[in-house]
Each structure stands twice: as structure tokens, then as C-alpha cells.
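Novice: This structure is in C-alpha cells; I'll ask about it shortly.
Where a number appears in this text, it was derived from the coordinates with a stated rule and is not lab data. Note that this is a predicted model, so its numbers are computed, not measured. Don't worry about glycine lacking a Cβ; one is built from the backbone with ideal geometry, like all the others, and counts go over all protein chains shown.
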Ligand code: PDD
């Protein structure tokens, strides 16, 4: 596998960043994950807009113009011969002697781009079965709307899920409401057939897949409410699913060991999954 690091394409084993990198030392770094289907980037514009937003909110400089970055992403995909998979883009505030405040202006940011293939048949098999999620307290910092690599709470949540034989963790706020998944947006469909997902009020990442699914929902005239839902409500839901760039729409068939609905992927989730790639740009 070949990675792009600050202007060079290198085999992964030789690719690296400095031990002084602020991404390594302070998680002073942001990222994007963008799906590749049939060699094409999915929802690229929305991912690039979110990257710009993350950079702006942290006052971080762009390592490359958007056009140059688009070229690097495509070249990384090409060199890795990825047809179906994901491309990963990470930008840090650069490498400099360890000191908490921002480095002097002009310190070059670090840019890393990697690409890897995914076995679509494996992901489809997963979607046919649905995944299990477990709920854990949301212990993240306040700025989770920024796609930063400060992901330690997400790592711990995901591992807690793994330890219980589940594939995703749903993070729950102090009032008992689900915020989102450790690396996905969380959705339910109520007994009345209404789709529910948490509004973008700062407590969740603005998911790109979420935004495209919302467009689909509006287009198809499905019943929809953008509001927080409790864990109890999720237990009683007819359907549940998650959305993320790497899995598009993934049905959830178990929450904390309880079957969701009849325990099989729901009609709404399956329909949205089928329609997703017709809508994604
Ligand atoms: N995760 N919420 C969180 C906390 C996430 O990390 C992600 C994405 C999402 C879904 O966002 P999107 O639809 O734009 O992928 C929601 C990526 C895939 C990751 O960290 O690998």
C-alpha cells in the first residue's frame, strides 16, 4: 500500500510523520473518510466542505488547495488500485517543538492521504443480517461537531461494543438521549413509521451520509423528525440504523442485546440503503 505524506508517495512501511507532530502529541489534527465506489469518490463535495469547516473552526491552515488535494486523493486511490473502499485524509497543525499554543504562522501543516479497498460482499452480508449496538455514556469533549482525531472516547466506546460482541456503540448523554454512534450517525424508525435522528446542535458530528439520507427522506416524502431520542425509545423502535461514509446505511437489529422490531433489518433502512448510491454525488 502507498500513502501520501507531505508531497511524497511512499510504501506504508516507509511512510511516517515526525514524533514532534502535533497530531501525535495533542490530537491537534482533523480528518475525513470518503467512500469510493466503482473508482469514484462518493459525496466528495460535502466531505471537502466539512474538512474546510473543521480547519476553520480550529484556525488550521490548509496544506493544499482544494483542487490540489483532489488530485492527491485521486492519485492515492489510483496507486492503491482501489475500486471500492475508502480514502482517508488527515491534516495536522504540523511538526514543531512541543508547546501547547499554536505554532508560529507559516509552520507547514502535515497532510497524510491513504486509500484502502473494502470487500463490498462482506459489507453487504453484514447489512443483510444487521448489526448489534450497545449503549455507553457519551464521555467526549464539547466540540464533537469538529471532525478531529481526538477520538479516545470513541475508541473506548467501540472496544466496549467489541467486548460485548457488538459492532457499534451508541453514545448516550447525561439525560439518557442517544447522541450518535462512536463512528456513525444514529437513527430510529418509530412504531408509527417516523424516522428520527438527532439535530445538528453541537452534540454530534454533522454526518455527510446523514445529510444525504435526509435529502433522500425529503425526496421520498417519508415521515421525519429531527429530534433527540432516548435509549428506551430506541428499544421500542420498529427499526434502527446507522449511517457513515464507510457503510452508507447499515441496519441495526439489536440494541443492548434486545432485538429491534422483529430482529431483522427493517424496510425503511433497507430501502434507504438501496437508494443511497443513486442519490450520492
Ligand atoms: N466516521 N459520527 C461520528 C462520531 C463519526 O466518526 C462519523 C464518521 C459519523 C458519520 O459521518 P459521515 O457520514 O460523514 O461518515 C458520525 C468515519 C467514517 C470514521 O471515523 O471512520
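Novice: Looking only at the range 18-34, filter to residues that are within 16 Å of the ligand (Cβ to nearest atom) and out of contact with any helix residue (DSSP H, G or I) (no Cβ under 6 Å at 6 or more places or on another chain); which one of those is farthest from residue 151 (Cα to Cα)?
Specialist: Per the criteria, the residue is 33.
Novice: Determine which single condition residue 156 fails, assuming it passes every other condition in (1) more than 16 Å from residue 234 (Cβ to Cβ); (2) surrounded by 22 or more Cβ atoms within 10 Å (Cβ to Cβ).
Specialist: The failed condition is (2).
Novice: Which number in (1) touching a residue at least 40 places away in the same chain (Cβ under 8 Å); (2) away from the ligand (no atom under 11 Å from the Cβ); (3) under 21 Å from residue 50 (Cβ atoms) marks the one condition that residue 176 misses?
Specialist: Unmet for residue 176, out of (1) touching a residue at least 40 places away in the same chain (Cβ under 8 Å); (2) away from the ligand (no atom under 11 Å from the Cβ); (3) under 21 Å from residue 50 (Cβ atoms): (3).
Novice: Conditions: (1) within 25 Å of residue 124 (Cα to Cα); (2) in a loop (DSSP other than H, G, I, E, B); (3) more than 16 Å from the ligand (Cβ to nearest atom). Residue 191 meets all but one. Number of the miss?
Specialist: The failed condition is (1).
Novice: Answer yes or no as to whether residue 185 is closer than 24 Å to residue 36 by Cα and more than 16 Å from the ligand (Cβ to nearest atom).
Specialist: Answer is no for this residue.
Novice: How many of the residues in the range 25-44 are farther than 24 Å from residue 246 by Cβ and surrounded by fewer than 20 Cβ atoms within 10 Å (Cβ to Cβ)?
Specialist: Number of matching residues: 2.
Novice: Return the total of residues in the range 232-248 being over 14 Å from residue 193 (Cα atoms) and without any contact (Cβ under 8 Å) to a residue 60 or more places away in the chain.
Specialist: 3
Novice: I would also like to ask the following. Give the residues of the range 161-188 that are under 19 Å from residue 232 (Cβ atoms) and part of a helix (DSSP H, G or I), sorted by residue number.
Specialist: Within the range 161-188, no residue meets the criteria.
Novice: Among the residues of the range 162-173, write down those that are touching a strand residue (DSSP E or B) at 6+ places or on another chain (Cβ under 8 Å) and more than 15 Å from residue 240 (Cβ to Cβ).
Specialist: 164, 165, 173
Novice: May I ask you to list the residues in the range 117-140 that are farther than 20 Å from residue 260 by Cβ and out of contact with any helix residue (DSSP H, G or I) (no Cβ under 7 Å at 6 or more places or on another chain)?
Specialist: Hits for the range 117-140 are 117, 118, 119, 120, 121, 122, 137, 138.
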